[in-house]
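Trainee: Before I ask anything, let me first share the structure, which is written out below as structure tokens.
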């Protein structure tokens, strides 16, 4: 998807955000022109759509904020019959002017005609690729993605299955200078050992029985772009030697050939194994490990970021509601307690599966503990008075999650007689993190 910056009033922004998103655009929306110009200077957008309000002008402020001619197409949305503003906008560098109340088809047509063919590589805020709470452990990782993406060095993404490793890999590609090139994903664990070499490096006609014509491998398909080697730890040792040479020399030798082919690619690999342990056990080459792990990225499992559970679940419910005409409006405090206490061995993929199942079977109302599968009912029940609140018309997830977190921390501190180190162990946190949370939430001081 290509990213659009949308500048306008809240009611217009929300209406257009949903409409544009459903038509394949990734929308970043702001209200203030100064914030818009700061974003436009620091990130790559395919287009900026800016709308004057009924009592506020934004088009001139955004366009003059560039200082010089805009570096990206700007589509100005102005009031009906406001010729003076239209002329002014075009002089300041707007690509097109359309009326604020133009039909969606006209707005889409204006954007399509303004954006160059092929669009621009998306280098928006990497923090937008995941739904997560404001203090999620993911934030530190996502803050580093722009620097990681702009480097041309190999990246190794580690993490359990279902944490979003391929999503990170695609984001690294999309934010890099290779964004216009191909992104080729190869699941090394899903291809039989006997076929993996040909799949990666290709073959020439006659290389083996059934090789009736040349076939280029996935590395050659990724020429000029990125190759994503998912589950790289599954590659057998005899192929690891050949992969090491490919990475060192930047060239492949197809099966049955002796002529190397020089290529230009970037490798992003992923694994749910501890490759250093695999190296020590003799299952993975040490030299290959250091070759692919120049820039390590670790995705924490969902159980280590419990505040994200409710935020992600609520987002998934809203998305399912829009697509399937269901009407789930929130999660009860007791259900949220059980979901947060659960270990989520399948991570975000398991959470998505759960919300989809509940939405299909329940369709309307609030998710209750009775809607959760049996494995969720071993959690410690909350005390009778938790002070959690679910609005009748929806759910303020940030406020609810903060109240939930406070309650869980109080319970752990009570059980540990105020000992923060012991309470941290009960919560699965390190002590420093717990102390920071106690201070942020305004809970009792350490005795």
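Trainee: Scan segment 361-377 residue by residue and report those that are in a loop (DSSP other than H, G, I, E, B) and closer than 16 Å to residue 329 by Cβ.
Mentor: Result: 363, 368.
Trainee: Quick one: how many residues across segment 313-335 are under 16 Å from the mean Cα position of the chain (by Cα) and surrounded by fewer than 19 Cβ atoms within 10 Å (Cβ to Cβ)?
Mentor: Number of matching residues: 2.
Trainee: I'm trying to understand the selection: among the residues of segment 288-302, which are in contact with a helix residue (DSSP H, G or I) (Cβ under 8 Å, 6 or more places away or on another chain) and in a helix (DSSP H, G or I)?
Mentor: 288, 289, 291, 292, 302
Trainee: All but one of (1) surrounded by fewer than 21 Cβ atoms within 10 Å (Cβ to Cβ); (2) assigned to a helix (DSSP H, G or I); (3) within 18 Å of the chain's Cα centre (by Cα) hold for residue 310; state the number of the condition that does not hold.
Mentor: All conditions pass for residue 310, except number (1).
Trainee: If residue 279 passes every condition in (1) within 16 Å of residue 240 (Cβ to Cβ); (2) within 29 Å of the chain's Cα centre (by Cα) but one, which one does it miss?
Mentor: (2)
Trainee: Determine, yes or no, whether residue 161 is within 16 Å of the chain's Cα centre (by Cα), at pLDDT 85 or above and surrounded by fewer than 16 Cβ atoms within 10 Å (Cβ to Cβ).
Mentor: Considered against the rule, which asks whether it is within 16 Å of the chain's Cα centre (by Cα), at pLDDT 85 or above and surrounded by fewer than 16 Cβ atoms within 10 Å (Cβ to Cβ), residue 161 comes out as yes.
Trainee: Identify all residues within segment 105-132 that are under 13 Å from the mean Cα position of the chain (by Cα) and at pLDDT 65 or above; write none if there are none.
Mentor: 130, 131, 132
Trainee: To continue, here is another question. Here is a list of conditions, (1) modelled with pLDDT of 95 or more; (2) assigned to a helix (DSSP H, G or I); (3) under 30 Å from residue 139 (Cβ atoms); (4) touching a helix residue (DSSP H, G or I) at 6+ places or on another chain (Cβ under 9 Å), and residue 268 meets all of them except one; can you say which number that is?
Mentor: Result: residue 268 passes all but (2).
Trainee: Starting from segment 175-194, take each residue that is under 18 Å from residue 148 (Cα atoms) and list its partners that are assigned to a strand (DSSP E or B), counting only C-beta distances under 8 angstrom and pairs at least six apart or across chains.
Mentor: 176/226; 176/266; 178/226; 178/266; 181/226; 183/226; 183/228
Trainee: Identify all residues within segment 418-442 that are over 14 Å from residue 340 (Cβ atoms), part of a loop (DSSP other than H, G, I, E, B) and at pLDDT below 80; write none if there are none.
Mentor: Result: 430, 442.
Trainee: What tally of residues in segment 16-60 results from selecting those that are assigned to a helix (DSSP H, G or I) and either modelled with pLDDT of 80 or more or surrounded by fewer than 19 Cβ atoms within 10 Å (Cβ to Cβ) (or both)?
Mentor: 15
Trainee: Would segment 232-249 turn up any residue that is part of a helix (DSSP H, G or I) and within 30 Å of residue 306 (Cβ to Cβ)?
Mentor: Looking for residues that are part of a helix (DSSP H, G or I) and within 30 Å of residue 306 (Cβ to Cβ), one finds at least one in segment 232-249, hence yes.
Trainee: Something else: Can we say residue 249 is in the same structural domain as residue 158 (by TED's automatic domain parsing) and either touching a helix residue (DSSP H, G or I) at 6+ places or on another chain (Cβ under 7 Å) or in contact (Cβ under 8 Å) with a residue 12 or more places away in the chain (or both)?
Mentor: Criteria not met by residue 249.
Trainee: A further question follows. Please verify whether residue 305 is in contact with a helix residue (DSSP H, G or I) (Cβ under 9 Å, 6 or more places away or on another chain) and farther than 24 Å from residue 160 by Cα, treating the condition exactly as stated.
Mentor: For residue 305, the condition - in contact with a helix residue (DSSP H, G or I) (Cβ under 9 Å, 6 or more places away or on another chain) and farther than 24 Å from residue 160 by Cα - is not met.
Trainee: Here's a check for you: in segment 61-82, which residue that is more than 33 Å from the chain's Cα centre (by Cα) and modelled with pLDDT of 80 or more is surrounded by the fewest Cβ atoms within 10 Å (Cβ to Cβ)?
Mentor: Across segment 61-82, the extreme among qualifying residues is 79.
The values are calculated or read from the model by the stated rules, or taken from the named source; none is laboratory data. Everything quoted here is computed from the prediction, not taken from an experiment. Every residue, glycine among them, receives a Cβ derived from its backbone with ideal geometry; neighbour counts consider all protein chains shown.
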